[in-house]
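This report refers to the structure that appears directly beneath it.
The values are calculated or read from the model by the stated rules, or taken from the named source; none is laboratory data. Model, not experiment: these values are computed from the prediction. Here Cβ is always computed from backbone atoms with ideal geometry, including for glycine, and neighbour counts include all displayed protein chains.
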Amino acid sequence: MKNILYILLLTTQVFFAQSGFEKGNEYYQKGKYNEAVAAYESVLTESKHSSELYFNLGNVYYKLNKVAPSIYNYEKALVLNPNNTDAINNLKFAQKRTIDEIKVIPKVGFAKLIRDFTGIYHYNTWAWISVGLATAFLLFFIGYYFSQITLSKRIFFFGMFVLFFLILISVSSTIFEKSHFDTEKPAIVFAEMANVKSEPRNGGQPIFVLHEGTKVYVGETIGKWKKVQLTDGTEGWIESNAIKEVK
């Protein structure tokens, strides 16, 4: 009986979530953007998150000329699906509406080579690649074990050696990308204007000012203050309620 009630509850939640998503699409098509936001947000209250939902929310906020929410939702869409090319393109358009122009310091040397290589795929993709390579390794091992022909054994053995090397690379890439994903904490400035200070207190010396839509990376937290870093390496302290973390 409990299982039946659980299935009914789950089915109901999925139905209402789908209904809210479709209503949001209809409102968007009709140009009723505020109603579309309400419909999409109702889906989020049911804890139904998807890259498509956040992408659509970003589009609605973009139409409403709300810079920070549009950028935030595009970023959320890319967290769930880094290969969402529509979100990538629309994010670039939304970022053009921001006031702050912050340079990106390019990485150099060996660290850049590693990051460029592992960043080709999401850590989930690297994990599946590892599983595929491990499966191929097992098949080659079986072929090596049961083969009675010397040449075949050599081919299988060489294949196992190559696959083992590739497995090490893919597993290392999975770990590196997962670690990078977990430690990187992007956030979007939602305050229209926010002072970034030299220390985490009201009396701290203002260093610079950030405007809505600017992307920062969160470090440590002390009370109501968060230490943030910009893409140009500049650091400072900002009030927690001025930003919204993407992850």
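The C-beta contact set for region 233-247 (first residue in the same structural domain as Glu192 (by TED's automatic domain parsing), second residue of a type in the set (Ser, Thr, Tyr) and part of a strand (DSSP E or B), distance under 8 angstrom, 6+ apart or interchain) comprises Ser240/Thr221.
I'm checking my understanding of the structure. Among residues of region 88-118 that are outside any helix (DSSP H, G or I) and either touching a helix residue (DSSP H, G or I) at 6+ places or on another chain (Cβ under 7 Å) or of a type in the set (Lys, Arg) (or both), which one is surrounded by the most Cβ atoms within 10 Å (Cβ to Cβ)?
Thr98
Taking region 44-67 as the range and being over 23 Å from Glu212 (Cβ atoms) and without any contact (Cβ under 8 Å) to a residue 24 or more places away in the chain as the test, the residues that pass are Thr45, Ser47.
Table: residues versus (1) within 30 Å of Lys244 (Cβ to Cβ); (2) buried (at least 16 other Cβ atoms within 10 Å of the Cβ); (3) of a type outside the set (Phe, Trp, Tyr).
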| site | (1), (2), (3) |
| --- | --- |
| Phe140 | no, yes, no |
| Leu151 | no, no, yes |
| Phe156 | no, yes, no |
| Glu199 | yes, no, yes |
| Gly213 | yes, yes, yes |
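Mind checking whether some residue in region 194-204 is closer than 19 Å to Ile105 by Cα and touching a residue at least 40 places away in the same chain (Cβ under 8 Å)? Taking every residue of region 194-204 in turn, none turns out to be closer than 19 Å to Ile105 by Cα and touching a residue at least 40 places away in the same chain (Cβ under 8 Å). Filter region 31-64 down to the residues that are assigned to a helix (DSSP H, G or I) and among the small types (Gly, Ala, Ser), then identify the one that is surrounded by the most Cβ atoms within 10 Å (Cβ to Cβ). Looking at residues that are assigned to a helix (DSSP H, G or I) and among the small types (Gly, Ala, Ser), I get Gly58. Tyr74 satisfies every condition listed in (1) surrounded by 15 or more Cβ atoms within 10 Å (Cβ to Cβ); (2) not in a helix (DSSP H, G or I) except (2). Taken as a whole, region 105-114 holds at least one residue that is modelled with pLDDT under 95 and either on the phi > 0 side of the Ramachandran plot or under 17 Å from the mean Cα position of the chain (by Cα) (or both). Residues in region 217-245 that are buried (at least 20 other Cβ atoms within 10 Å of the Cβ) and within 20 Å of the chain's Cα centre (by Cα) were compared, and the one that is nearest to Ser51 (Cα to Cα) is Ile243.
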